[in-house]
Amino acid sequence: MSGRRLLLTAAGLALLAVVGLGLAGGAGARPRRPPHIKHVFIIVLENESAGTTFGPNTPAPYLARKLRAKGELLPNYYGIAHNSNPNYLAMVSGQAPNLSTQLDCQTFSDFAPGTAAGGGQYLGQGCVYPPGVETVANQLEDAGFRWRGYMQDSDNNARPGGQAPCRHPAVGSPDPWQHAARGDQYATRHNPFVYFHSIIDFPTCRHNDVDLSHLNHDLKREPRTPNYSFIVPNLCNDGHDAPCVNGKPGGLASANGFLRRRVPKILHSPAYRDRGLLLITFDEAEALGSDADSSACCGERPGPNVIPPNTPGFVTPGAGGGRIGAVLLSPCIKPGAVERTPYNHYSLLRWVEKDFGLPRLGYAGAPGLRAFDSKVLNRPSCGAR
């Protein structure tokens, strides 16, 4: 081989090396886009810090060990406030806490005055947001996607054989479903969709905010399965009560049992297998006692309606709702992964909106907030059909 050919060959190899570095993510390379998820399932449990849930003595081994091994752990996932209600609202609307929502909306009062402010927030105090305040459910529906909220026990106050979709108190009335009763462990404050006039004033609420019993039917065929499913267990199965009014242990033990019964049905469904994703998390960390955690991440702002000296941490002062962790399962995620990037409920909303090509709502549009990316959805060739 001549010296000239050797020189050209060496130059070619050098060029290929440079190109290879670029393709592998070198300087100036375009970040890899995460795969598109077609069906999102979200299960929200109650009031546990990440150290308890995922620690060595966890009462929830199915979640903390088996599901974690099948999917991915986000150990630095955070709630945005105490108590429960503002976390649920943040997940679907990006609205920050106010005193009424931090008190779990004991009265189902209108949010007023409800004037638009910066950062996609609305000014006021109260619980039921005015018609101009949208949720991700409104966005999905307007864009031609399907959504459903599956609320366990929401039918339990209906007449025998009947249904009670879109269950909520009359606006302006005390909420009678703040505590579990025998035969009815539904909690309005854990059903975020009924806190928006943009939903409850329209037929979409009765069609899409339904009892958990509808989920099995909807999972049977992919065309029946919503693109976005928000699943809320009752006050025993979400781990809130311990012990439960029905004599079950409650806490993480009952939440673990709920997941063991329900999650396999989702994972075996045609919709999940066709680029689905299941996220399991908690609303907030412990709010009181020695394990109380009101920490935050991701540059979270308290919002315009948190009046000092109050903070998003409420009874335990702090910037947020504490570190809760999350487990994600998907054909688009490599089993056993751990991604330590900090995320919160606003990040989750931002990712859902990005995945479905929707505008950002509220603090989901905060500058610098990260949505789930290719480090989370780390299997790009995940079997599109």
If a residue must be hydroxyl-bearing (Ser, Thr, Tyr) and farther than 19 Å from Asn208 by Cβ, how many such residues does segment 221-279 contain?
2
Can you name the residue in segment 233-283 that is touching a strand residue (DSSP E or B) at 6+ places or on another chain (Cβ under 9 Å) and among the polar types (S, T, N, Q) and is also nearest to Asn378 (Cα to Cα) among such residues?
Thr281
Members of segment 269-284 found to be without any contact (Cβ under 8 Å) to a residue 60 or more places away in the chain and of a type in the set (Gly, Ala, Ser), listed by number
Ser269
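Taking Gly114 as the residue in question, decide whether it is surrounded by 22 or more Cβ atoms within 10 Å (Cβ to Cβ), in a strand (DSSP E or B) and in contact with a Pro (Cβ under 9 Å, 6 or more places away or on another chain).
Values: surrounded by 22 or more Cβ atoms within 10 Å (Cβ to Cβ): no; in a strand (DSSP E or B): yes; in contact with a Pro (Cβ under 9 Å, 6 or more places away or on another chain): yes.
When the stated conditions are applied, Gly114 does not pass them.
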Sole miss for Leu328 among (1) in contact with a helix residue (DSSP H, G or I) (Cβ under 9 Å, 6 or more places away or on another chain); (2) outside any loop (DSSP other than H, G, I, E, B) is condition (1)
Can you tell me which residue among Ala285, Ala255, Ala242, Ala296 is at pLDDT 95 or above and out of contact with any helix residue (DSSP H, G or I) (no Cβ under 9 Å at 6 or more places or on another chain)?
Ala296
What are the pairs with Cβ atoms under 7 angstrom where one residue, in segment 301-318, is surrounded by 15 or more Cβ atoms within 10 Å (Cβ to Cβ) and the other, located anywhere, is of a type outside the set (Phe, Trp, Tyr) and not in a loop (DSSP other than H, G, I, E, B)? Sequence gap at least six, or different chains.
Pro304/Leu123; Asn305/Leu123; Asn305/Gly124; Asn305/Gln125; Asn310/Leu99; Phe314/Gln102
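With Ala292, Ala255, Ala296, Ala287 as the choices, which residue is touching a residue at least 40 places away in the same chain (Cβ under 8 Å), farther than 22 Å from Ala364 by Cβ, in a loop (DSSP other than H, G, I, E, B) and hydrophobic (A, V, I, L, M, F, W, C)?
None of the other options fit; the residue is Ala287.
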Sort out which residues of segment 355-378 are closer than 20 Å to Phe41 by Cβ and in contact with a strand residue (DSSP E or B) (Cβ under 9 Å, 6 or more places away or on another chain), and write them in order of number.
Asp355, Phe356, Ala371, Phe372, Val376, Leu377, Asn378
Restricting to segment 197-237, name every residue that is over 24 Å from Arg260 (Cβ atoms) and of a type in the set (Gly, Ala, Ser).
Ser198
Those residues of segment 228-252 which are assigned to a loop (DSSP other than H, G, I, E, B) and at positive phi amount to Gly239, Gly247, Gly250
Picked from segment 119-167 (must be part of a loop (DSSP other than H, G, I, E, B) and of a type in the set (Ser, Thr, Tyr)), the residue surrounded by the fewest Cβ atoms within 10 Å (Cβ to Cβ) is Thr135
Test: Ser213 is within 27 Å of Gly239 (Cα to Cα), in contact (Cβ under 8 Å) with a residue 40 or more places away in the chain and not in a loop (DSSP other than H, G, I, E, B)
yes
Scanning segment 74-111 for residues that are small (Gly, Ala, Ser) and not in a helix (DSSP H, G or I), which turns out surrounded by the fewest Cβ atoms within 10 Å (Cβ to Cβ)?
Ser109
Could you check Val128 against (1) in contact with a Leu (Cβ under 7 Å, 6 or more places away or on another chain); (2) touching a residue at least 60 places away in the same chain (Cβ under 8 Å) and say which number it fails?
(1)
Among the residues of segment 319-338, count how many are among the aliphatic types (A, V, I, L, M), buried (at least 16 other Cβ atoms within 10 Å of the Cβ) and either in contact with a Leu (Cβ under 7 Å, 6 or more places away or on another chain) or more than 25 Å from Gly55 (Cβ to Cβ) (or both).
5
Taking only pairs six or more apart or across chains, which ones have beta-carbon atoms under 8 Å, a first residue in segment 165-189 that is of a type in the set (S, T, N, Q), and a second residue that is exposed (fewer than 12 other Cβ atoms within 10 Å of the Cβ) and modelled with pLDDT of 95 or more?
none
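Against the definition (within 26 Å of Asn305 (Cβ to Cβ), of a type in the set (Gly, Ala, Ser) and part of a loop (DSSP other than H, G, I, E, B)), how does Ala170 come out, yes or no?
Working: within 26 Å of Asn305 (Cβ to Cβ): yes; of a type in the set (Gly, Ala, Ser): yes; part of a loop (DSSP other than H, G, I, E, B): yes.
Yes: the conditions hold for Ala170.
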When Gly162 is run through (1) more than 30 Å from Lys38 (Cα to Cα); (2) at pLDDT 95 or above, the failure sits at (2)
Return yes when Ala69 is among the aliphatic types (A, V, I, L, M), buried (at least 23 other Cβ atoms within 10 Å of the Cβ) and either out of contact with any Cys (no Cβ under 7 Å at 6 or more places or on another chain) or farther than 23 Å from His345 by Cβ (or both) and no when it is not.
no
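The values are calculated or read from the model by the stated rules, or taken from the named source; none is laboratory data. Bear in mind the structure is a predicted one, so any value in this text is a computation, not a measurement. All Cβ positions, glycine included, derive from the backbone under ideal geometry; neighbour counts span all protein chains shown.
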